[in-house]
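Worksheet: the structure to be examined is printed underneath.
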């Protein structure tokens, strides 16, 4: 029996067998140079565009409200954070060039800042997006992106925010709380607009680096865990599941992530210290689902197609044993990644049963 994408994902989240393992790229995507190379490869070998190739394979689609607030300056988001393109040779990323709260010195500066409001968004646009997607098929639908620590440091600066955690907890708590209040109000309106049709809410905070957490576990437990717990509680009140993203080595925080109410741990960068798929599944797989896990640091860019196929198969066998796994890259597929390897990832995943 062939399942719909929504059925496939929900069965996986319930740790039940599926016709094939669910597939998603929920925070990753394919960087433009790699996407162009993939498009050329697919056109030559299969007569397909990238969209035609991926559309039948990906089980999760996103919806979002439309921004209708005050006009924004060039390259500036609704928080007031400005970015510019920074080249890394074969491609580029949009990096922050202006942190609007970098020079804030106290609570009065935070109070004076022009914080965003949910009135800047048209949440009724979500209903139209859902209707358009449902006309095509029954997809698993996701709303994004609630990032508390990241939204704060995008405003303040990464190093400054880490210093604030150590030497000015009153200031950083006020900053984090203002961000949290926005996301709580935002996702309440998102979920109300979804009228029970939204399956997942994507939340995120990159709290891990290559070697371990970016802050002490105690700092995370004090300042971030309770705020995400409040957001997760709201999401669950509307019947949606929480898919939580963090790059890096986060194994130390996984028990706390479970306590704060996440349902799916996303990214799964097993190139980082302590991140072991066997251990994660053994220790947490009965209470937690997983998404991602195919290396964008090693296997996809530098391995052979056969090595990609082997890694995908191993991840599904380990993380997908008894369900609970949605396969995908561990982050954005980078420029220079051979298109043959990208195709090997998705072709292999589509051939494997789930659970």
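Computed from the coordinates by the stated procedures, all read-outs in this text should not be read as laboratory data. On a predicted model such as this, the values are computed, not experimentally measured, just so you know. Heads up, the Cβs are rebuilt from the backbone with ideal geometry, glycines too, and the neighbour counts pull from every protein chain shown.
Could you list, in sequence order, all residues of the stretch 336-355 that are in contact with a strand residue (DSSP E or B) (Cβ under 9 Å, 6 or more places away or on another chain), more than 17 Å from residue 288 (Cβ to Cβ) and not in a helix (DSSP H, G or I)?
337, 352, 353
Do we have any residue at all in the stretch 194-209 that's within 23 Å of residue 142 (Cα to Cα), more than 17 Å from the chain's Cα centre (by Cα) and surrounded by 22 or more Cβ atoms within 10 Å (Cβ to Cβ)? Outline the logic, then answer.
First pass over the stretch 194-209, keeping only residues within 23 Å of residue 142 (Cα to Cα): 194-207.
From what is left, the residues that are more than 17 Å from the chain's Cα centre (by Cα) are 194-197.
Still in the running and surrounded by 22 or more Cβ atoms within 10 Å (Cβ to Cβ): 194.
Taking every residue of the stretch 194-209 in turn, at least one turns out to be within 23 Å of residue 142 (Cα to Cα), more than 17 Å from the chain's Cα centre (by Cα) and surrounded by 22 or more Cβ atoms within 10 Å (Cβ to Cβ).
If you take the residues in the stretch 133-154 that are touching a strand residue (DSSP E or B) at 6+ places or on another chain (Cβ under 8 Å) and assigned to a loop (DSSP other than H, G, I, E, B), which one is farthest from residue 66 (Cα to Cα)?
For the stretch 133-154, the residue satisfying everything is 139.
Filter the stretch 22-54 down to the residues that are in contact with a strand residue (DSSP E or B) (Cβ under 8 Å, 6 or more places away or on another chain), part of a loop (DSSP other than H, G, I, E, B) and closer than 27 Å to residue 135 by Cα and list them by number.
Within the stretch 22-54, 22, 24, 25, 26, 27, 28, 29 meet the criteria.
State which residue is surrounded by the most Cβ atoms within 10 Å (Cβ to Cβ) when the search covers only the stretch 24-41 and only residues that are farther than 30 Å from residue 10 by Cβ and touching a residue at least 60 places away in the same chain (Cβ under 8 Å).
So the first thing to find is which residues in the stretch 24-41 are farther than 30 Å from residue 10 by Cβ, and the list is 31-34, 36-37, 39-41.
Among the residues that remain, those that are also touching a residue at least 60 places away in the same chain (Cβ under 8 Å) are: 31-34, 37, 40-41.
Working: 31: 20, 32: 11, 33: 16, 34: 25, 37: 18, 40: 12, 41: 18.
Looking at the filtered set, the residue picked out is 34.
Kindly indicate which of 314, 307 is in a helix (DSSP H, G or I) and under 22 Å from residue 41 (Cα atoms).
Numbers: 314 fails: under 22 Å from residue 41 (Cα atoms).
One residue alone meets the criteria, 307.
Does the stretch 165-183 hold any residues that are without any contact (Cβ under 8 Å) to a residue 60 or more places away in the chain and surrounded by 18 or more Cβ atoms within 10 Å (Cβ to Cβ), and which are they? Talk me through it step by step, then tell me what you get.
Let us first name the residues in the stretch 165-183 that are without any contact (Cβ under 8 Å) to a residue 60 or more places away in the chain, namely 165-169, 172-173, 176-177, 179-181, 183.
Residues satisfying the conditions are 165, 172, 176, 179, 180, 183.
Kindly indicate whether residue 295 is surrounded by 24 or more Cβ atoms within 10 Å (Cβ to Cβ), in contact (Cβ under 8 Å) with a residue 12 or more places away in the chain and farther than 20 Å from residue 39 by Cα. Break it down into steps so the answer makes sense when it comes.
Values: surrounded by 24 or more Cβ atoms within 10 Å (Cβ to Cβ): no; in contact (Cβ under 8 Å) with a residue 12 or more places away in the chain: yes; farther than 20 Å from residue 39 by Cα: yes.
No; evaluated as a whole, the condition is false for this residue.
Select, from 329, 277, the only residue that is closer than 26 Å to residue 263 by Cβ, in contact with a strand residue (DSSP E or B) (Cβ under 8 Å, 6 or more places away or on another chain) and surrounded by 22 or more Cβ atoms within 10 Å (Cβ to Cβ).
Values: 277 fails: surrounded by 22 or more Cβ atoms within 10 Å (Cβ to Cβ).
None of the other options fit; the residue is 329.
Filter the stretch 232-254 down to the residues that are touching a strand residue (DSSP E or B) at 6+ places or on another chain (Cβ under 6 Å), farther than 25 Å from residue 272 by Cβ and in a helix (DSSP H, G or I) and list them by number.
235 - this is the single residue of the stretch 232-254 that is touching a strand residue (DSSP E or B) at 6+ places or on another chain (Cβ under 6 Å), farther than 25 Å from residue 272 by Cβ and in a helix (DSSP H, G or I).
How many of the residues making up the stretch 118-137 are farther than 15 Å from residue 191 by Cβ and touching a residue at least 60 places away in the same chain (Cβ under 8 Å)? Lay out the reasoning, then the answer.
So in the stretch 118-137, the residues farther than 15 Å from residue 191 by Cβ come out as 119-120, 122, 128, 131-137.
Filter once more, so that each one left must be touching a residue at least 60 places away in the same chain (Cβ under 8 Å): 133-134, 137.
Number satisfying all stated conditions: 3.
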